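Below is one structure; the comments refer to it alone.
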Amino acid sequence: MQPIIMLVIFILVASIAWFINAYNRFIKYKNRIEEAWSGIDVALKRRFNLIPNLIRAIERYEEHETKIFQNKNDYLDGSTGISNRVEEESQISKSLRGLLALAEAYPDLKASENFLDLQNSLSEIEEDIQKARNRYNSYVGRFNTLIESFPAKFIAGKFGFEKQNYFALDLATQRELPEVGFSESRDSKK
């Protein structure tokens, strides 16, 4: 009878150890997702803070409606959920591409050192956003896989861990290319 008791104790201890390990993995990925989202949020705020400078530079050449950027405080306070932020980010990205396309019509603006610095800063920020988004999506994928895995999905259900959404911008919005006008001086050189 002694070996049976030892076997039961071993199975019980192994089950508890597995349960604790699985729970801790959920917590680890949940925290990593939050940390990765924070990285995205910082990069998005940096980009959003750069937008008024771009607008001011372009407005010197043409008045342009920038309603999408007027709700800056609502966007930056983080009160909206991730899925809403992704939707808002798609709209802002589309408007920003249109704003940069508008700058194409003004050779003096494109040659301005200030505007070139702003464009370079924007490019660096876009790279940071992409890296942060890849990191976030990687952790979301691992977390979601863990939630769907047997038998960990029982722990997920018991403790309320739910699948997370990926941070993927609307592909249709990303693929839309802004119409770029070429100045007459370029056309006359051909």
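The values are calculated or read from the model by the stated rules, or taken from the named source; none is laboratory data. Note that the structure is a prediction, hence the values are computed from the model and not measured. In this analysis, Cβ positions are derived from the backbone assuming ideal geometry, glycine residues included, and neighbour counts consider all displayed protein chains.
Using the structure shown, decide if A156 is more than 25 Å from R47 (Cβ to Cβ), part of a helix (DSSP H, G or I) and touching a residue at least 24 places away in the same chain (Cβ under 8 Å).
yes
Among the residues of the range 59-77, is there at least one that is hydrophobic (A, V, I, L, M, F, W, C) and at pLDDT 75 or above?
No.
Assuming S123 fulfils every condition listed in (1) modelled with pLDDT of 90 or more; (2) assigned to a helix (DSSP H, G or I); (3) surrounded by fewer than 17 Cβ atoms within 10 Å (Cβ to Cβ) apart from one, which condition is it?
(1)
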